[in-house]
1. When the residues of the range 61-77 are narrowed to those that are of a type in the set (S, T, N, Q) and open to solvent by less than 100 Å² (accessible area, probe 1.4 Å), which ends up farthest from LYS50 (Cα to Cα)?
2. Could you please find all residues in the range 46-60 being more than 18 Å from GLN9 (Cβ to Cβ) and either open to solvent by less than 80 Å² (accessible area, probe 1.4 Å) or within 14 Å of the chain's Cα centre (by Cα) (or both)?
3. Look at the range 31-45 and say how many of its residues are surrounded by 10 or more Cβ atoms within 10 Å (Cβ to Cβ) and farther than 21 Å from ILE61 by Cα.
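The values are calculated or read from the model by the stated rules, or taken from the named source; none is laboratory data. Small disclaimer: the values here were computed from a predicted structure and weren't measured. All Cβ positions, even for glycine, are placed from backbone atoms using ideal geometry, and neighbour counts span all protein chains on display. When the accessible area is computed, the model is the full protein with side chains, heavy atoms only, and any ligands, DNA or RNA have been set aside. Shrake-Rupley method; radii C 1.70, N 1.55, O 1.52, S 1.80 Å.
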Amino acid sequence: MPIVLDLRQAIVHKVHNKTDADLRDMIEGSVDGPEAALPGLGAIFEMIWKNIESKQQDELIQVAQKHLQSVTPTPLS
């Protein structure tokens, strides 16, 4: 019988027991990288979001808002 992992489990499996440097390398290699890396970053973000205080969540929202206000979206084609 095949083993079935969902995406979240696969990401946790991939990063489990990584060093801080390994985790940083994985994140930095994914940022501005291939779009296939985005679900992994999303899963990591979800783990972070669920395990930080509301104040830290608010700070992340403010960082996102500040960035979003400084960029102009390119037209969708």
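1. Looking only at the range 61-77, we keep the residues that are of a type in the set (S, T, N, Q), and these are 62, 65, 69-70, 72, 74, 77.
Next, only the ones that are open to solvent by less than 100 Å² (accessible area, probe 1.4 Å) stay: 65, 70.
Working: GLN65: 19, SER70: 27 Å.
If we take residues in the range 61-77 being of a type in the set (S, T, N, Q) and open to solvent by less than 100 Å² (accessible area, probe 1.4 Å), then SER70 is farthest from LYS50 (Cα to Cα).
2. Keep residues of the range 46-60 that are more than 18 Å from GLN9 (Cβ to Cβ), which gives 52-60.
Within the range 46-60, ILE52, SER54, GLN57, LEU60 qualify.
3. Residues flagged as surrounded by 10 or more Cβ atoms within 10 Å (Cβ to Cβ) and farther than 21 Å from ILE61 by Cα within the range 31-45 amount to 2.
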